[in-house]
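Chemist: The structure under discussion is supplied below as structure tokens; questions concerning it will follow.
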Amino acid sequence: MSGEYVAGQAFPSVRTLATELKIHPNTAQKIIQHLIRERFLEARPGVGTVVADLPTAPVGDRRRLLKDQVTALVVEALRVGARPSEVHRAITEAWETLCPDDDSVREAHAQAR
């Protein structure tokens, strides 16, 4: 068993998981139940267990995590002598590289000029 699963994809049954991983079925059941509790899997009546959509972090958590990462970036930028405009440009370029179909970056960049 290897590879990546996508949201909505069927997850192996307890028996299949136990066989493929060479573990006791009770252990496989505990694993699946844990993944359901953590919301990585969903149990759908009549369908079985499927991979869940990854939840989006609550806004407060996102802001806190983003602030921590931005603070670290600014500290590093100051250490190497980068100016704010260079940091902004680097972030924009990284976003465009990682999300080439995201027009919001180009729109925000155009408004900033």
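Chemist: Using a 7 Å offset from Cα along Cα-Cβ at LEU54, what residues in the range 19-37 end up with backbone N under 19 Å from the label point?
Modeler: Counting backbone N atoms under 19 Å from the label point, the list is 35-37.
Chemist: Next question, about the same structure. Rounded if a/c is under 1.5, else prolate if a/b beats b/c, else oblate: with a ≥ b ≥ c from the C-alpha gyration tensor eigenvalues square-rooted, which is the range 59-112?
Modeler: Here the range 59-112 falls in the oblate category.
Chemist: Further, regarding this structure: Roughly speaking, what % of Cα-Cα pairs in the chain are separated by over 17 Å, rounded to a whole number?
Modeler: The calculated P(r) of the chain puts 71 percent of pairs beyond 17 Å.
Chemist: Same structure, new question: Would you please name the trypsin sites (Lys or Arg not before Pro) within the range 1-85 that are DSSP coil residues with at most 16 other C-beta atoms within 10 Å of their C-beta?
Modeler: LYS22, ARG39
Chemist: Continuing with this model, one more query. Run lengths n ≥ 4 of DSSP H only: what is the helix-derived mean residue ellipticity at 222 nm for the chain, with -39500 (n - 2.57) per run over all residues, to the nearest 500?
Modeler: Computed mean residue ellipticity for the chain: -19500 deg cm²/dmol.
Chemist: Next question. Could you work out how far helix 25-37 tilts from the main Cα principal axis of the chain, as a 0 to 90 degree angle to the nearest 10?
Modeler: 40 degrees
Chemist: Treat the range 1-55 as a sphere of radius equal to its Kirkwood radius over Cα pairs and apply Stokes-Einstein at 4 °C in a medium of 1.567 mPa s; give the translational diffusion coefficient in µm²/s, rounded to a whole number.
Modeler: After rounding, the answer is 114 µm²/s.
Chemist: For ARG64 and ASP103 in the same chain, what is the full-extension length gain: residue separation times 0.36 nm, less their Cα-Cα distance, in nm?
Modeler: 11.5 nm
Chemist: Using the crude model of +1 on Lys and Arg Cβ and -1 on Asp and Glu Cβ, and no other charge, please compute the dipole size for the chain relative to its Cα centre, in debye to 20.
Modeler: Once rounded to the nearest 20, the dipole reads 480 debye.
Chemist: Here's another thing I want to ask about it. What fraction, in whole percent, of alpha-carbon pairs in the range 33-97 exceed 15 Å separation?
Modeler: The answer is 69 percent, as a whole percent.
Chemist: Counting GluC sites (Glu not before Pro) as exposed when in a DSSP loop with at most 13 other beta carbons within 10 Å, what is the longest stretch of the chain free of them?
Modeler: 39-113
None of the figures in this text is laboratory data; all of them are computed from the coordinates on show. Because the structure is a prediction, the values reported are computed rather than measured. Methodologically, a virtual Cβ is constructed for each residue, glycine included, from the backbone with ideal geometry; neighbour enumeration extends over all protein chains shown.
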